[in-house]
Amino acid sequence: MRKFLRIASVSLVSFTPAALAQSTPSEFAELSFQALLDIDINESDSEQSSPNKWSFAVQLKAAEFDGYKVNDSDVSLDDVLFSFGQEARTSSNFPVVPTVIKQHAKIVQLGYQVNERLKLGIQAPFIHQQTDHISVVPGYEHFVISSSGLGDIALSASYALEDNSEFSWWVTAGLSLPTGSIDEQGDTPRDAGDQQLPYTMQLGSGTYDFPIEVSYQNKGEHAFTVTLSAMLRTGTNDRNYRLGNNYKLSGKYNFPLSQSTALFTGAAFGYSESIHGQDDEITIGGNYSYPASITNPNLYGGKRVNIIGGISFIPIHWLKVVADISKPVYQNLNGPQPQELWRAGLQFSMLY
Amino acid sequence: MRSLFIAVALTLAVSHSAYADLKKLDKVKAAYMFNFTKFMTWSSINSDPVNFCVQNDEAFQQFLTQLVESRPTSSGASIRIVMLDGKQSCTFAYLIENDDSLVNLATSTIIISDLPNLIDRPAVFTFYEENNRLRFEIDLAEAERLELTISSELLKVAKIK
């Protein structure tokens with residue numbers, strides 16, 4: 001679950017490349033139809049005025065995980081749940097099993113266009129996540145744990161290496177600050193009262209991380225975008241672990257429907273590492289120290305291929321609305337690990 | 001050599017000043033028009049050159065000339081930007097005033113205009129403004145009459161009449 005949020009944050013630190021300001025005939029000749037449709041024709045927005053612009057965006061994201069996979073094979077909850085007296089305890093079955101994981105994030109983003117090629121941004125996610133569980137522990141046969149609060153705030157800078165009528169290259173680099181809590185607690189079967197929650201229920205990474213992204217946009221008759229992004233993590237947090245790095249390659253193809261509406265579809269391949277180190281507070285004694293799969297740092301990460309679809313709409317000139325949904329078509333997970341069912345986003349971007 | 005440099009500099013200065021005061025709106029229109037020629041074909045496309053006539057605006061004509069000369073068209077057509085003076089045949093005509101010059105145009109001329117109601121006959125492309133953005137409308141009946149083939153990419157971003 002947390003991997004999802006980290007992957008999401010990588011894509012959020014990049015910005016929609018704005019067409020660079022034009023002045024000469026040859027610069028205007030380079031503009032594509034889409035760029036022309038986006039130009040503010042007010043003289044106050046002319047090349048003589050300051051190119052500085054503020055942008056503000058609010059993004060709502062949701063995702064749901066249900067069911068388990070070991071590598072690319074489905075495994076049932078019965079297989080993952082350890083049953084007293086009926087089977088032997090192994091490293092692949094657990095007395096506590098998360099069943100359905102739901103997460104929601106509201107992400108607020110502020111951008112500042114320094115000049116034609118450079119844009120700075122800051123984004124703050126507010127996260128709410130909830131996990132349903134089953135267990136063999138008396139009194140905890142079914143229980144729900146949730147956590148919510150501020151996640152990791154990220155700073156970013158996007159630079160246009162090239163931006164003309166036919167294509168653009170943008171590179172984005174950032175710094176994710178450890179502002180999200182890694183000390184979330186809740187009532188688990190591990191003990192009476194509240195205890196430290198597993199990695200999935202924490203709100204931040206606890207480390208300084210570096211989101212990077214390189215994006216190529218083709219603006220011709222067949223407009224498409226290819227993006228390579230990564231979240232690189234450093235050091236070890238106060239709980240003696242570090243989340244795994246994430247890498248993602250995605251492509252999107254745009255179908256303009258009208259002057260203000262476009263559909264897009266695409267695919268993304270993601271790879272994420274398992275967790276390095278361990279939070280000893282969420283383990284138990286005995287030969288099998290992990291009470292649930294999500295407490296085992298090795299049962300994180302894997303490969304995933306998602307298909308993506310969405311629509312972008314500009315109802316008024318200063319507002320852009322983008323809705324998207326994606327669904328995995330292939331997951332190869334270090335399992336048993338909860339599998340992703342879907343994820344969706346709704347973004348409102350304002351330029352002023 | 002020095003005199004050549006001065007001559008080139010003066011030429012550049014004069015040519016730049018010709019459109020220095022041109023409004024941003026007009027520059028965007030010029031870029032649209034250039035794109036129109038790239039995303040459509042017309043019956044006389046292989047005739048060389050194509051005359052693109054501009055009505056009563058020399059600054060715009062200068063700007064569009066330099067814009068077209070800066071980029072080759074995908075069709076390979078050679079486009080000549082000229083003032084509308086009734087002496088030349090016009091493949092395209094950009095009209096900003098509703099006067100007799102429209103009546104004198106050949107019936108095969110592809111008209112682009114800012115005016116929604118031209119006398120005599122409609123424009124194929126009509127510009128309009130919406131939320132501080134420049135948009136355009138395509139009159140499909142007129143395009144059909146002129147036997148134009150308009151790319152779906154162009155139709156997608158246009159308002160269809």
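Remarks
- When A:Pro256, A:Pro315, A:Pro328 are screened for being free of Cβ contacts under 8 Å to residues at least 60 places away in the same chain and within 14 Å of chain B (Cβ to nearest Cβ), only A:Pro315 passes.
- All conditions in (1) of a type in the set (A, V, I, L, M, F, W, C); (2) in a loop (DSSP other than H, G, I, E, B); (3) modelled with pLDDT under 95 hold for A:Leu161, with the sole exception of (2).
- So B:Arg121, is it surrounded by fewer than 18 Cβ atoms within 10 Å (Cβ to Cβ), touching a strand residue (DSSP E or B) at 6+ places or on another chain (Cβ under 9 Å), assigned to a strand (DSSP E or B) and away from every other protein chain (no Cβ under 12 Å): no
Quick grid of which residues meet (1) out of contact with any His (no Cβ under 6 Å at 6 or more places or on another chain); (2) open to solvent by less than 60 Å² (accessible area, probe 1.4 Å); (3) among the hydroxyl-bearing types (Ser, Thr, Tyr); (4) not in a loop (DSSP other than H, G, I, E, B):
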residue	(1), (2), (3), (4)
B:Arg80	yes, no, no, yes
B:Val103	yes, no, no, no
B:Glu142	yes, yes, no, yes
B:Leu154	yes, yes, no, yes
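- Close Cβ contacts (under 9 Å, 6 or more residues apart or on different chains) running from residues in region A:210-235 that are more than 14 Å from every other protein chain (Cβ to nearest Cβ) and without any contact (Cβ under 8 Å) to a residue 24 or more places away in the chain to residues that are open to solvent by less than 60 Å² (accessible area, probe 1.4 Å) and of a type in the set (Ser, Thr, Tyr) comprise A:Leu228/A:Ser215; A:Leu228/A:Tyr216; A:Leu228/A:Ser250.
- Against the test of being surrounded by fewer than 16 Cβ atoms within 10 Å (Cβ to Cβ), touching a strand residue (DSSP E or B) at 6+ places or on another chain (Cβ under 8 Å) and either at pLDDT 85 or above or more than 24 Å from A:Phe33 (Cα to Cα) (or both), the options B:Ser17, B:Ser89, B:Ser3 yield a single qualifying residue, B:Ser89.
- Selection count where residues are open to solvent by 30 Å² or more (accessible area, probe 1.4 Å) and among the aliphatic types (A, V, I, L, M), scope region A:51-91: 6
- Residue within region A:316-336 that is closer than 30 Å to A:Ala192 by Cα, part of a strand (DSSP E or B), open to solvent by less than 30 Å² (accessible area, probe 1.4 Å) and touching a Lys or Arg at 6+ places or on another chain (Cβ under 8 Å) present: yes
- Only listed residue being farther than 24 Å from A:Ser26 by Cβ, among the small types (Gly, Ala, Ser), open to solvent by 30 Å² or more (accessible area, probe 1.4 Å) and at pLDDT 85 or above, chosen from B:Ser44, B:Ser108: B:Ser108
- Of the candidates B:Asp120, B:Asp114, the single residue that is farther than 14 Å from B:Phe36 by Cα, acidic (Asp, Glu) and at pLDDT 85 or above is B:Asp114.
- Qualifying residues in region A:169-198 (those that are among the charged types (D, E, K, R) and surrounded by fewer than 17 Cβ atoms within 10 Å (Cβ to Cβ)) - the one farthest from A:Ser146 (Cα to Cα): A:Asp191
- Residue match in region A:236-245 (condition: more than 18 Å from A:Pro178 (Cβ to Cβ) and open to solvent by 60 Å² or more (accessible area, probe 1.4 Å)): no
- Residue within region A:109-121 that is out of contact with any Pro (no Cβ under 9 Å at 6 or more places or on another chain), open to solvent by 50 Å² or more (accessible area, probe 1.4 Å), in a loop (DSSP other than H, G, I, E, B) and over 30 Å from A:Ile284 (Cα atoms) present: yes
- Test: A:Phe167 is at pLDDT below 95, touching a strand residue (DSSP E or B) at 6+ places or on another chain (Cβ under 8 Å) and among the aromatic types (Phe, Trp, Tyr): yes
- Matching residues in region A:79-108 - criterion: being over 30 Å from A:Asp152 (Cβ atoms) and part of a strand (DSSP E or B): A:Leu81
- Flag if A:His276 is more than 27 Å from A:Gly345 (Cβ to Cβ) and either surrounded by fewer than 20 Cβ atoms within 10 Å (Cβ to Cβ) or within 14 Å of another protein chain (Cβ to nearest Cβ) (or both): yes
- Region B:130-140, subset in contact (Cβ under 8 Å) with a residue 24 or more places away in the chain and open to solvent by 10 Å² or more (accessible area, probe 1.4 Å), residue farthest from the other protein chains (Cβ to nearest Cβ): B:Glu137
Here's the yes/no breakdown for (1) among the hydrophobic types (A, V, I, L, M, F, W, C); (2) under 28 Å from A:Gln339 (Cβ atoms); (3) assigned to a strand (DSSP E or B); (4) in contact with a helix residue (DSSP H, G or I) (Cβ under 7 Å, 6 or more places away or on another chain):
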| residue | (1), (2), (3), (4) |
| --- | --- |
| A:Phe126 | yes, yes, yes, no |
| A:Gln130 | no, yes, yes, no |
| A:His133 | no, yes, yes, no |
| A:Phe143 | yes, yes, yes, no |
| A:Ser147 | no, yes, yes, yes |
| A:Ala192 | yes, no, no, no |
| A:Val214 | yes, no, yes, no |
| A:Gln217 | no, no, yes, no |
| A:Met231 | yes, yes, yes, yes |
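The values are calculated or read from the model by the stated rules, or taken from the named source; none is laboratory data. All of these numbers come straight from a predicted model, not from anything done at the bench. Methodologically, a virtual Cβ is constructed for each residue, glycine included, from the backbone with ideal geometry; neighbour enumeration extends over all protein chains shown. Just so you know, the surface numbers come from the protein's heavy atoms only, side chains and all, with ligands and any DNA or RNA stripped out. Shrake-Rupley method; radii C 1.70, N 1.55, O 1.52, S 1.80 Å.
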